[in-house]
Amino acid sequence: MITACNPVHIRFYGAVNVPAPSVQIVPDAPKLFPGPEIRMPTQLRNIAIIAHVDHGKTTLIDSIMKQTGLFRDNQKIAERLMDSGDLEKERGITILAKPTSVVWKDARVNIIDTPGHADFGGEVERVLGMADGVILLTDAAEGPMPQTKFVLGKALKQGLRPIVVINKIDRPDGRPDAVVDEVFDLFVSLDADDDQLDFPILYASGRDGWAAEELDGPRDNLHPLLDRVLAHVPAPQVEPDKPFAMLATLLDSDPFLGRCLTGRVMQGTARVNSPVKAINLDASQIEVGRLTKLLRFEGTQRVPVDEVQAGDLICIAGLAKASVADTICDPQVSDALHSTPVDPPTMSVTITVNDSPFAGKEGKKVTSTMIRERLLAEAETNVAITFTESAGKDAFEIGGRGELQLGVLVETMRREGFEMTVSRPRVLVRREAGRRLEPIEEVTIDVDEDYASTVVDAMNRRKAEMQDMRSSGAGKTRLVFFAPSRGLIGYPSRFLTDTRGTGVLNRVFHSYAEYKGDIPGRRNGALIASETGTAVAYALFNLQDRGIMFIDPQTAVYQGMIVGEHSRENDLEINVLKGKKLTNVRAAGTDEAVTLTPPRRMSLEDMMAYIDSDELLEVTPKSLRLRKRYLLDHERKKFRRQIEAEELAASGA
């Protein structure tokens, strides 16, 4: 029996279990009990929260939603509610930008949660066009980081006036006053104008749910931050009397509605079933259709409405071809809305069909046609991804911002049932005026003083140039380098080993610069399985002195599969199937217990970075396997001779 019910909660949720953000569609329902009418807000604010990775954006939004009455007091709320994807929950990072909405006083505030990792910067660049202001979140101990500089630069270029929030004030190593000075210096270095330099500062703890305008001010709630948003962020500057037009910024799929386009209404109003057309940036018509559904963000859900107004963030359904950066508008509109250009990708991988002896045993989506369609769909929704294919349409090159972004795409496809092989990431080199240019990244490293020299030496070998080195207190040193992107492939895992897991490395694209020359790659060769079958503990035990193993006993292997790293520079074929010969005669002391060293475990991104140019990563829903491009030894020798001949011809010898 229902004993109590609040109509507000019915409107926003309709269930105790909170669904994934921006997924469930809540139908309009009659009131179950009489109660006061919800007074519709008369003001509107659109803001984005931007920051470096792990500075607390999503946690702050959770606290804002709790304090604006979106949840019952006894309602169980998941941590980082906005991180709805499985990979986002597992990795603790935001991958996709997501809007939400709260009501504060007499205003509805649309808040956009953005990714903090540099690899997903394309999401930030797109969604800033939907905002009229930004909250710049900065860790009270770490201060401005590379991604802070990147996202702030994008916001300032669009003329947005940030509100600066120094988060995690309760950290024991916090240094809020110094961080405020660093933030101001960052604004100046990014050519902020006078209005942007006059930014308000608040001190907060997103986890504990409080913000204060003074460092020693009351720490009760987040009301000072919400009040500052209403006072500092301007209302949307729109033209309500013109015909309807909105810019599509995000694209996703709903099981009930199909393709859903999210964007900001730039002018006019629209009603359900209104006729519209979609035009691209060149004002060429893509399709004509009707708005079968109009949805507005309320809390963590999308709620159907009959009409939308200029300035609001909405989601529409009913169009089959329109995509990101297209203008959805009234048939009489002829000009496309301006879309912010997105920085080009700097790294790519080649994805092909899985042709190993174990192909098709673990996945259902194995053909090149299926892989091609999935990659095309990804390139349509993610503007930071590029797609090209070979002449035979059997190999696909995917460009992205970094190893993490490409790894997330491959991992997502793997979980969807795809099988494929992935090449080593390579940087995208440009040629301008006869010069060879390569992408350079700004790398910021925080490390214990004891390991600073080790890190400097490793970065020097990777052709990095040190820009700054200073003590950051508490026995820590901050190092800043400009390093070629290709020199950083595979380095993060090596970095954690060098610093015993205590170092923090952050990187962001800086510019293109002159090619830095050859950079030494992996020094050790591979241990390659010589037979197909099941690995046995006895064989692995006797092969341990050859190098580090990647597999456990009873692992299925095939000829040409990489099962370990050789202790020397050359590749070595080994037999991991060789068991102990059993006889009736035993010599004393021969039946010693087999003690195996635990194998090296690597993530998908680690494996992508580990492989060499003549190796591939086999990806299936259940397994990740390293392998040689050519499985048979004589084919590998033929390939090496061919490469040597090409290098000889290129040198002119």
Name the residues in region 123-151 that are within 11 Å of P162 (Cα to Cα) and surrounded by fewer than 24 Cβ atoms within 10 Å (Cβ to Cβ), would you? D132, G133
Scan region 615-634 and give yes if some residue there is surrounded by fewer than 15 Cβ atoms within 10 Å (Cβ to Cβ), under 27 Å from the mean Cα position of the chain (by Cα) and under 15 Å from S423 (Cβ atoms), otherwise no. no
Using beta carbons and a limit of 6 Å, which pairs, at least six apart or on different chains, have the first residue in region 628-649 and more than 15 Å from E573 (Cβ to Cβ) and the second one surrounded by 14 or more Cβ atoms within 10 Å (Cβ to Cβ)? R629/D614; R629/L616; F639/Y630
Check region 412-428 and report whether any residue there is among the aromatic types (F, W, Y), in contact with a helix residue (DSSP H, G or I) (Cβ under 7 Å, 6 or more places away or on another chain) and free of Cβ contacts under 8 Å to residues at least 60 places away in the same chain. no
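Out of the residues in region 380-393 that are among the β-branched types (V, I, T) and more than 16 Å from S368 (Cβ to Cβ), state the one that is modelled with the highest pLDDT. Before you say what the answer is, go through the steps one by one.
Filtering region 380-393 for residues among the β-branched types (V, I, T) gives 381, 383, 385-386, 388.
Imposing the further condition that a residue be more than 16 Å from S368 (Cβ to Cβ) reduces the set to 381, 383, 385-386.
Numbers: T381: 76, V383: 75, I385: 85, T386: 88.
Across region 380-393, the extreme among qualifying residues is T386.
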Given the conditions (1) touching a strand residue (DSSP E or B) at 6+ places or on another chain (Cβ under 6 Å); (2) under 19 Å from E142 (Cα atoms), which single one is not true for G473? (1)
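Look through K361, K393 and report the one residue that is of a type in the set (D, E, K, R) and at positive phi. First the steps, then the outcome.
Numbers: K361 fails: at positive phi.
Unique residue meeting the criteria: K393.
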State whether the residues of region 540-548 include one that is at positive phi, surrounded by 17 or more Cβ atoms within 10 Å (Cβ to Cβ) and more than 27 Å from the chain's Cα centre (by Cα). yes
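Any idea which residue in region 394-423 is farthest from L631 (Cα to Cα), counting only those that are in a loop (DSSP other than H, G, I, E, B) and either at pLDDT 90 or above or hydrophobic (A, V, I, L, M, F, W, C) (or both)? Talk me through it step by step, then tell me what you get.
First pass over region 394-423, keeping only residues in a loop (DSSP other than H, G, I, E, B): 394, 401-402, 416-417, 419, 423.
Those left that are additionally either at pLDDT 90 or above or hydrophobic (A, V, I, L, M, F, W, C) (or both): 416-417, 419, 423.
Values: E416: 27, G417: 24, E419: 18, S423: 15 Å.
Selected residue: E416.
For region 326-358, give me each residue that is of a type in the set (G, A, S) and over 26 Å from V288 (Cβ atoms). Steps first, please.
Filtering region 326-358 for residues of a type in the set (G, A, S) gives 334, 336, 339, 348, 356.
Residues satisfying the conditions are S348, S356.
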Residue under question is D343, and the condition is that it be buried (at least 17 other Cβ atoms within 10 Å of the Cβ) and of a type in the set (D, E); does it hold? no
Take L505 and tell me if it is within 30 Å of R401 (Cα to Cα) and buried (at least 16 other Cβ atoms within 10 Å of the Cβ). yes
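Restricting to region 451-478, count the residues that are assigned to a helix (DSSP H, G or I) and in contact (Cβ under 8 Å) with a residue 12 or more places away in the chain. Can you show your working first?
Just the residues of region 451-478 that are assigned to a helix (DSSP H, G or I), to begin with: 451-461.
From what's left, in contact (Cβ under 8 Å) with a residue 12 or more places away in the chain: 451-452, 454-456, 458-459, 461.
Residues in region 451-478 being assigned to a helix (DSSP H, G or I) and in contact (Cβ under 8 Å) with a residue 12 or more places away in the chain: 8 in total.
Does region 204-215 include one or more residues that are touching a Leu at 6+ places or on another chain (Cβ under 7 Å), in contact (Cβ under 8 Å) with a residue 60 or more places away in the chain and under 18 Å from P162 (Cβ atoms)? Spell out how you get there, then give the answer.
Of region 204-215, the ones touching a Leu at 6+ places or on another chain (Cβ under 7 Å) are 204, 206, 209-213.
Next cut, in contact (Cβ under 8 Å) with a residue 60 or more places away in the chain only: 204, 206, 209.
Keeping just the survivors that are under 18 Å from P162 (Cβ atoms) gives 204, 206.
Yes, region 204-215 contains a residue that is touching a Leu at 6+ places or on another chain (Cβ under 7 Å), in contact (Cβ under 8 Å) with a residue 60 or more places away in the chain and under 18 Å from P162 (Cβ atoms).
In this structure, does G490 turn out to be touching a helix residue (DSSP H, G or I) at 6+ places or on another chain (Cβ under 8 Å), assigned by TED's automatic domain parsing to the domain that holds D606 and surrounded by 15 or more Cβ atoms within 10 Å (Cβ to Cβ)?
Working: touching a helix residue (DSSP H, G or I) at 6+ places or on another chain (Cβ under 8 Å): yes; assigned by TED's automatic domain parsing to the domain that holds D606: no; surrounded by 15 or more Cβ atoms within 10 Å (Cβ to Cβ): yes.
For G490, the condition - touching a helix residue (DSSP H, G or I) at 6+ places or on another chain (Cβ under 8 Å), assigned by TED's automatic domain parsing to the domain that holds D606 and surrounded by 15 or more Cβ atoms within 10 Å (Cβ to Cβ) - is not met.
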Select from region 86-121 the residues that are surrounded by fewer than 21 Cβ atoms within 10 Å (Cβ to Cβ), at pLDDT below 75 and outside any loop (DSSP other than H, G, I, E, B) and list them in ascending order. D86, L87, E88, K89, E90, R91
Could you go through region 465-475 and let me know if any residue there is crowded, with 17+ Cβ neighbours inside 10 Å, modelled with pLDDT of 90 or more and not aromatic (F, W, Y). no
Picked from region 297-352 (must be assigned to a loop (DSSP other than H, G, I, E, B) and of a type in the set (V, I, T)), the residue farthest from A248 (Cα to Cα) is T346
For region 171-246, give me every one of the helices (runs of 4 or more DSSP H) that falls completely inside it and has 1 or more residues that are in the same structural domain as K149 (by TED's automatic domain parsing) and of a type in the set (S, T, Y). 176-189
Would you say F481 is part of a strand (DSSP E or B) and closer than 24 Å to P345 by Cβ? yes
For region 334-346, state whether one or more residues are out of contact with any Ser or Thr (no Cβ under 8 Å at 6 or more places or on another chain), within 30 Å of G153 (Cβ to Cβ) and of a type in the set (A, V, I, L, M, F, W, C). yes
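Looking only at region 239-263, which residues are within 19 Å of P331 (Cα to Cα) and either surrounded by 15 or more Cβ atoms within 10 Å (Cβ to Cβ) or touching a residue at least 40 places away in the same chain (Cβ under 8 Å) (or both)? Before you say what the answer is, go through the steps one by one.
Step one: filter region 239-263 for residues within 19 Å of P331 (Cα to Cα), giving 239-248, 261, 263.
Within region 239-263, E239, P240, K242, P243, F244, A245, M246, L247, A248, L261, G263 meet the criteria.
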Return the residues of region 353-384 that are buried (at least 18 other Cβ atoms within 10 Å of the Cβ), free of Cβ contacts under 8 Å to residues at least 60 places away in the same chain and assigned to a loop (DSSP other than H, G, I, E, B); say none if nothing qualifies. V366
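The values are calculated or read from the model by the stated rules, or taken from the named source; none is laboratory data. All figures in this text were calculated on a predicted structure; none of them were measured in a lab. All Cβ positions, glycine included, derive from the backbone under ideal geometry; neighbour counts span all protein chains shown.
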